[in-house]
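J.: Quick one: structure below, then a few questions.
The values are calculated or read from the model by the stated rules, or taken from the named source; none is laboratory data. For clarity, every value in this text was computed on a predicted model and none was experimentally measured. Backbone-built Cβ (ideal geometry, glycine too); neighbour counts: all protein chains shown.
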Amino acid sequence: MNDLLEGLRILDLGRYTAGPYCAKLFVDAGADVIHVERPGAGDPARALPPLLDDGSAETVSAVYAFLNADKRSVTLDFTTPTGAEWLRELVRWADIVVENFAPGTLERHAFGLEEVLGVNPSVVWVSITNFGGSGPSRDLRGSSLTLQAAAALMDGNGDEDREPLRYPRHISEYWAGSNAAHAALIARRHARLTGEGQHVDVSIQESLVASYFMHFADYQYQGALQARGWLDLKPASDGPIIVNWHTAVPWDVFAIALEAEELILDPELQPPLSMTANAGRVADVISRSMRTRTRREWFARAKEHRVPAGMVQTLDEVAACEHLEARAHFGSLRLPGGAEGRAPGPPYALSEGATERMRVVPRLGEHNAVVFGELLGHSEGELQAAAAAGAI
């Protein structure tokens, strides 16, 4: 955690993953983030499994806890007159607004870009959608799976003679949320210099396409389509491990590290033939050798000889990873009932400005009185009337 963005004000209208993850990156850096949720039900992510016992009679979604710890939670129905007016007041307060509704949703409720900039001329309005706010696919429904398919990400994943494989669920939304936070800071810098707000239009499909340009470049400039298949994935005695040769590593050192001396003795199994015509034979030699040791034994040998290698770890192994533990990557979350959970911290480490703090997961609407009363200046009577009308 750090407080380097202290004073930056973020209004999070997001639901589920992409929008809340974008706002999470800000709160992790000390920004003040107000998360607007639906009265009664809240952000739908609150119902996503697994559900944790929070130390009281309630349960808390582990996904929601990870995405929304340290945010201030308010409930607001902006389809009601009072809710719409109070949302305008929150927009006036905010430096950056983040939302991931379907295109046109907020415009139908008079929260289009023109109306928003009329309320706050310097606000940065960030929209994260499946295919962006324009183009023929703008209004298509999508999921992480369909978006990976639409971006050709799946086409390069899996074995060459099998069907394409998806990446882990929701990774598309996390990538888009990260890109949105980056773009929002760029637009915020512009707003501070000029006083002009603007709309940041983030497409999940484009976030995926931009993430693997090396493969796209093969097609764009050479007409080559990427082939599926992990030629570097090898079977150790207790599971798969990835090893690959890099030109910085002498071929004989690579062969010795893998106890595959045949790669040295047979000229046809040495570069460049080992990388082209005889790549299959090389793979067979390495696979036979690697079945004789465990992943950790091979990883230790590869490390000793400075050969690129990586064990294909299971989630329980990642959770107990000594390297991540040494970097204090995992941190604690305090759930609303007082119990504690565990979740990854920010995916970076700063040399300055880092702080140690327990991340706190808010109850639904926990900060209504503080935000609507103290921050926006509404009376207790107004809050009671808004609650009775279903606006909060």
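J.: So which residues in the range 323-349 are in contact (Cβ under 8 Å) with a residue 40 or more places away in the chain and loosely packed, with under 14 Cβ neighbours inside 10 Å, if there are any at all?
T.: Listed by number, the residues that qualify are 338, 344.
J.: Just to be sure before I move on: is residue 36 in the same structural domain as residue 335 (by TED's automatic domain parsing), buried (at least 20 other Cβ atoms within 10 Å of the Cβ), over 25 Å from residue 181 (Cα atoms) and not polar (S, T, N, Q) in the structure I sent?
T.: It is false that residue 36 is in the same structural domain as residue 335 (by TED's automatic domain parsing), buried (at least 20 other Cβ atoms within 10 Å of the Cβ), over 25 Å from residue 181 (Cα atoms) and not polar (S, T, N, Q).
J.: Looking at 36, 97, can you tell me which residue is under 22 Å from residue 197 (Cα atoms) and within 19 Å of the chain's Cα centre (by Cα)?
T.: One residue alone meets the criteria, 97.
J.: Residue 294 passes all but one of (1) surrounded by 12 or more Cβ atoms within 10 Å (Cβ to Cβ); (2) of a type in the set (Ser, Thr, Tyr); (3) modelled with pLDDT under 90; which number fails?
T.: Status for residue 294: all satisfied but (3).
J.: When you check residue 317 against the structure, is it under 30 Å from residue 52 (Cα atoms), assigned to a helix (DSSP H, G or I) and touching a strand residue (DSSP E or B) at 6+ places or on another chain (Cβ under 9 Å), yes or no?
T.: Criteria met by residue 317.
J.: From the list 293, 301, exactly one residue is touching a helix residue (DSSP H, G or I) at 6+ places or on another chain (Cβ under 9 Å), in contact (Cβ under 8 Å) with a residue 40 or more places away in the chain, not in a helix (DSSP H, G or I) and not assigned by TED's automatic domain parsing to the domain that holds residue 168. Which is it?
T.: Values: 301 fails: not in a helix (DSSP H, G or I).
None of the other options fit; the residue is 293.
J.: Let me ask something else. Is one or more of the residues making up the range 277-289 among the β-branched types (Val, Ile, Thr), within 38 Å of the chain's Cα centre (by Cα) and either outside any helix (DSSP H, G or I) or under 30 Å from residue 341 (Cα atoms) (or both)?
T.: No, because not a single residue in the range 277-289 is among the β-branched types (Val, Ile, Thr), within 38 Å of the chain's Cα centre (by Cα) and either outside any helix (DSSP H, G or I) or under 30 Å from residue 341 (Cα atoms) (or both).
J.: Across the range 353-392, what is the total count of residues that are in a loop (DSSP other than H, G, I, E, B) and in contact (Cβ under 8 Å) with a residue 12 or more places away in the chain?
T.: Looking only at that region, the number is 18.
J.: Checking residue 159 against (1) closer than 21 Å to residue 216 by Cβ; (2) in contact (Cβ under 8 Å) with a residue 60 or more places away in the chain, only one condition comes out false. Which one?
T.: All conditions pass for residue 159, except number (1).
J.: Give the range 58-78 a look and list any residue that's of a type in the set (A, V, I, L, M, F, W, C) and assigned to a strand (DSSP E or B), or say none.
T.: 60, 74
J.: While we're on this one: Where in the range 123-235 are there helices (runs of 4 or more DSSP H), lying fully within it, with 3 or more residues that are more than 22 Å from residue 8 (Cα to Cα) and not assigned by TED's automatic domain parsing to the domain that holds residue 16? It would help to see each step written out before you state the result.
T.: Working: elements: 144-150, 171-194, 204-210, 213-222.
Of the helices (runs of 4 or more DSSP H) lying wholly inside the range 123-235, those with at least 3 residues that are more than 22 Å from residue 8 (Cα to Cα) and not assigned by TED's automatic domain parsing to the domain that holds residue 16 span 213-222.
J.: Which ones in the range 16-60 are of a type in the set (Ser, Thr, Tyr), closer than 21 Å to residue 342 by Cβ and either out of contact with any Leu (no Cβ under 6 Å at 6 or more places or on another chain) or modelled with pLDDT of 95 or more (or both)? Step through it out loud before you land on a result.
T.: Here is the first cut: in the range 16-60, the residues of a type in the set (Ser, Thr, Tyr) are 16-17, 21, 56, 59.
From what's left, closer than 21 Å to residue 342 by Cβ: 17, 21, 56, 59.
If the condition is that a residue be of a type in the set (Ser, Thr, Tyr), closer than 21 Å to residue 342 by Cβ and either out of contact with any Leu (no Cβ under 6 Å at 6 or more places or on another chain) or modelled with pLDDT of 95 or more (or both), then 17, 21, 56 are the ones that fit.
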